[in-house]
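Have a look at the structure below before the remarks.
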Amino acid sequence: MAPRNFDTFAIPKDVSPTEISPKIDGVDILWSDSHKSHYPWSWLNFTVQDTNNKKPTIQDERRLWGATVSSAPPEVDFENVMNSTSPKGMAELTGKIRQYGFCFVTNSPKTPEDTEKLLETIGPIRNTHYGGFYDFIPDLALADTAYTNLALPAHTDTTYFTEPAGLQAFHLLSHTPPTNKPADEVLGGQSLLVDGFYAAETLRKESPGDFEILRKIKLPWHASGNQGVAIAPDMAYPVIEAFGEKLHRIRWNNDDRGVVPVGIDVDAWYQAARKWDEILKRKESEYWFQLEPGRVLIFDNWRVLHGRSAFEGLRRICGAYISRDDFISRWKMTNFPREEAYQVNVTSAEDVDKTITEIVKEFNGRLDIFVANSGIPWTEGAFIDGSVETARNVMAINVDGVMWCAKSAGAHFRRQKEQGTTIDGKPLENFIAGSFIATASMSGSIVNIPQLQAVYNSSKAAVIHFCKSLAVEWTGFARVNTVSPGYILTEISTFCSPETKNIWKGKIVMGSSTL
């Protein structure tokens, strides 16, 4: 949404609606200052709901996990993510991170340059006092335990920022053994992930009082190990942040934690923290694995805690932070339904097929419903007085346009039914049959008066009979139907005079027409 370019405070305080008209696609409101507004049903449904009670959409459904996630960890292929012609790979990556809190990108080139490009497709790399994109070995170049070979317990990073890093990524480029060790010996350095939301829900279930203590008591956090660096958030924050019942963020690194504030029951807080620590260290909470070259780990630092076991040798790891806002923006842009317009000449079978195939590739590789709306009016009165060119154009758009759409859409419906796959060969779920709907008209069944429009009427009659024939032809893989509206007050009828429209209304039982 673009920034609001209107001073809402300039609206008179006493303005009120004088007329409210429900429509098919929303609500029209006429205000007391003569201003007219239109509110789509979809916008009202989203906006008017109680924010705290909104049910999560499929795209936003969180899946909590423990150690058993090791049997099928979420992953997506590098080439799919980097495919500039389709957002499907990025949608899958961001969607899995949103659902599970982490995802592996497999078959990644084993270079820092390609890793950086991968991360930048999600969002700008976030700069911190550690720099931007990092590529390091355990040499204590910075005063942080990450730059050692020591074991690290499960924690979240940058707890000392007002807004901790949103995403974090690790790519192991190499692990060289020490000179006194054979190359095939186990060197340690296993990575650890813990679902902080799973742990928090476990705490809430087993010890509600301890959960409330970690949710309500706010602590100071800090980072001051490097010269010239003394970072602390703008205020104290709790270990567990939630809005209502919904978990929002975990902030936990015992090395970065300040002291429990004066006036707080210290014993009670430490009891809660010990319970929290015990849950984090349970075997059923921990997912252990080995980082590998070519397998990039990206995780939600607001939810998933990470750690590692001690190791020998020299490990080279690259990665970066990405802000939460940039990640959420990318996730929304690739996972939520959206409207896009494609310009196409519907009288060209080749153009129609090319465009429909492009759309199918763009939107999940499948086609479920197709609505053929192509149509223009006949505006030249009696047929014998009209031009041949106009007649041909009306028939080409109204009839050929529907036929070429049906030809392309039907081919996708049939392939999906027979092969059971998306256009890129992946298994197709929940497809029973396609649905093709063409917009015809009552003019295809009756002769309109007083206007003369033999060509238009004939074109819509052709659409009706064409679709009846297709319904027989497509039995088994698609349904075919037509919709025949009456008079509709849109641009298609602007050529008709007010007198003609009054005659229409006089022949309608309720004296109305559709808007």
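Brief remarks on what is shown
- Restricting segment 420-464 to residues that are touching a Cys at 6+ places or on another chain (Cβ under 8 Å) and not polar (S, T, N, Q), the residue that is modelled with the lowest pLDDT: 440
- Verdict on residue 220 being without any contact (Cβ under 8 Å) to a residue 60 or more places away in the chain and within 28 Å of residue 126 (Cα to Cα): yes
- Segment 255-272 - residue that is in contact with a helix residue (DSSP H, G or I) (Cβ under 8 Å, 6 or more places away or on another chain) and farther than 13 Å from residue 218 by Cα and, of those, surrounded by the most Cβ atoms within 10 Å (Cβ to Cβ): 272
- Restricting segment 485-515 to residues that are under 28 Å from residue 402 (Cα atoms) and not in a loop (DSSP other than H, G, I, E, B), the residue that is modelled with the highest pLDDT is 501.
- Test: residue 202 is surrounded by 13 or more Cβ atoms within 10 Å (Cβ to Cβ) and assigned to a helix (DSSP H, G or I): yes
One line per residue, one yes/no per condition, for (1) crowded, with 20+ Cβ neighbours inside 10 Å; (2) assigned to a strand (DSSP E or B):
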{"residue": "320", "(1), (2)": "yes, yes"}
{"residue": "350", "(1), (2)": "no, no"}
{"residue": "354", "(1), (2)": "no, no"}
{"residue": "364", "(1), (2)": "no, no"}
{"residue": "375", "(1), (2)": "yes, no"}
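- Just so you know, in segment 443-469 the residues that are assigned to a helix (DSSP H, G or I) and either free of Cβ contacts under 8 Å to residues at least 24 places away in the same chain or polar (S, T, N, Q) (or both) include one that is nearest to residue 400 (Cα to Cα), and it is 459.
- When residues of segment 88-145 are limited to those that are at pLDDT below 90 and touching a Lys or Arg at 6+ places or on another chain (Cβ under 9 Å), the one surrounded by the fewest Cβ atoms within 10 Å (Cβ to Cβ): 137
- Taking segment 470-484 as the range and being part of a loop (DSSP other than H, G, I, E, B), loosely packed, with under 12 Cβ neighbours inside 10 Å and not hydroxyl-bearing (Ser, Thr, Tyr) as the test, only 476 passes.
- Failed item in (1) of a type outside the set (Val, Ile, Thr); (2) in a loop (DSSP other than H, G, I, E, B); (3) in contact with a helix residue (DSSP H, G or I) (Cβ under 7 Å, 6 or more places away or on another chain); (4) over 30 Å from residue 123 (Cβ atoms), with residue 342 passing the rest: (4)
- Answer residue from segment 427-442, given it is among the polar types (S, T, N, Q) and in contact (Cβ under 8 Å) with a residue 40 or more places away in the chain and is farthest from residue 395 (Cα to Cα) among those: 435
- Residue 189 vs. criteria surrounded by 15 or more Cβ atoms within 10 Å (Cβ to Cβ), at pLDDT below 95 and closer than 25 Å to residue 66 by Cα: yes
- Condition broken by residue 153, with the remaining ones in (1) closer than 30 Å to residue 273 by Cα; (2) surrounded by fewer than 17 Cβ atoms within 10 Å (Cβ to Cβ); (3) modelled with pLDDT of 90 or more satisfied: (2)
- Residue list for segment 1-57, restricted to those being at pLDDT below 70 and either charged (D, E, K, R) or surrounded by 12 or more Cβ atoms within 10 Å (Cβ to Cβ) (or both): 4, 50, 54, 55
- Looking across segment 232-254 at every residue that is buried (at least 18 other Cβ atoms within 10 Å of the Cβ) and either modelled with pLDDT under 90 or aliphatic (A, V, I, L, M) (or both), the one that is farthest from residue 217 (Cα to Cα) is identified as 247.
So that you can scan it fast, the table gives a plain yes or no per residue for (1) within 27 Å of the chain's Cα centre (by Cα); (2) over 22 Å from residue 131 (Cα atoms); (3) of a type in the set (D, E, K, R):
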| position | (1), (2), (3) |
| --- | --- |
| 307 | no, no, no |
| 312 | no, yes, yes |
| 320 | yes, no, no |
| 325 | yes, no, yes |
| 331 | yes, yes, no |
| 339 | yes, yes, yes |
| 343 | yes, yes, no |
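- Condition met for residue 380 (of a type in the set (D, E, K, R) and either in a helix (DSSP H, G or I) or farther than 22 Å from residue 357 by Cβ (or both)): yes
- For segment 86-115, taking the residues that are within 17 Å of the chain's Cα centre (by Cα) and part of a loop (DSSP other than H, G, I, E, B), the one that is farthest from residue 286 (Cα to Cα) is identified as 86.
- For residue 424: the one exception among (1) part of a loop (DSSP other than H, G, I, E, B); (2) closer than 25 Å to residue 350 by Cα; (3) free of Cβ contacts under 8 Å to residues at least 60 places away in the same chain: (3)
- Close pairs (6 angstrom Cβ cut-off, 6 or more residues apart or separate chains): of a type in the set (Phe, Trp, Tyr) in segment 103-115, part of a strand (DSSP E or B) anywhere: 104/75; 104/295; 104/297
The values are calculated or read from the model by the stated rules, or taken from the named source; none is laboratory data. Quantities reported herein were computed from a predicted structural model and do not represent experimental measurements. Please note: Cβ atoms are built from the backbone with ideal geometry, for glycine as well, and neighbour counts cover all protein chains shown.
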